[in-house]
Amino acid sequence: MLRSARLVAFVPSTDLARARAFFGDVLGLPLVHEDEFACVFDAGGTPLRVTRVEQLVPAPFTVLGWSVPDARAAARDLAARGVELLRVEGIGQDADGVWSAPGGAHVVWFLDPDGNTLSVTEGA
């Protein structure tokens, strides 16, 4: 049933104006719709619904990620836009914040304004 259905991604936010500025202005995602409940962005053809919540305890893992052709270039672009890249102790990230996974993928993590962990990954 869901095999051919279009996926919708969700991420929570306690402040939609702040989230709209981050996902729209900083990350450059086009805003498709906004109301008092959510901001919906076009994330490469997938609707990303940033949903207003009263309280939020961010998950201790990545909740949203993008597949990119060059993680290092993405890391540098994010940093140039003012996004602070996460450093994870003990995994050996390089100077750009890129972690090289054992399988050859390259991963960069960062937080949205609500503390949700986001990532970009360059496949092996």
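General remarks:
- Any hit, the stretch 41-48, residues being under 19 Å from residue 121 (Cα atoms) and polar (S, T, N, Q): yes
- Filter result for the condition that a residue is of a type in the set (Gly, Ala, Ser) and modelled with pLDDT of 95 or more, over 73, 95: 73
- Check on residue 44, among the small types (Gly, Ala, Ser), under 15 Å from residue 119 (Cβ atoms) and outside the structural domain of residue 122 (by TED's automatic domain parsing): yes
- First in the stretch 24-35 and within 14 Å of residue 46 (Cβ to Cβ), second anywhere and of a type in the set (Gly, Ala, Ser) and part of a loop (DSSP other than H, G, I, E, B), Cβ under 7 Å, 6 or more apart: none
- Pair list, Cβ under 6 Å, 6 or more apart: the stretch 92-115 residue touching a residue at least 24 places away in the same chain (Cβ under 8 Å) and outside any loop (DSSP other than H, G, I, E, B), other residue surrounded by 15 or more Cβ atoms within 10 Å (Cβ to Cβ) and small (Gly, Ala, Ser): 106/71; 106/100; 107/119; 108/71; 108/75; 108/97; 109/119
The values are calculated or read from the model by the stated rules, or taken from the named source; none is laboratory data. Since this is a predicted model, take the numbers as computed values, not measurements. Heads up, the Cβs are rebuilt from the backbone with ideal geometry, glycines too, and the neighbour counts pull from every protein chain shown.
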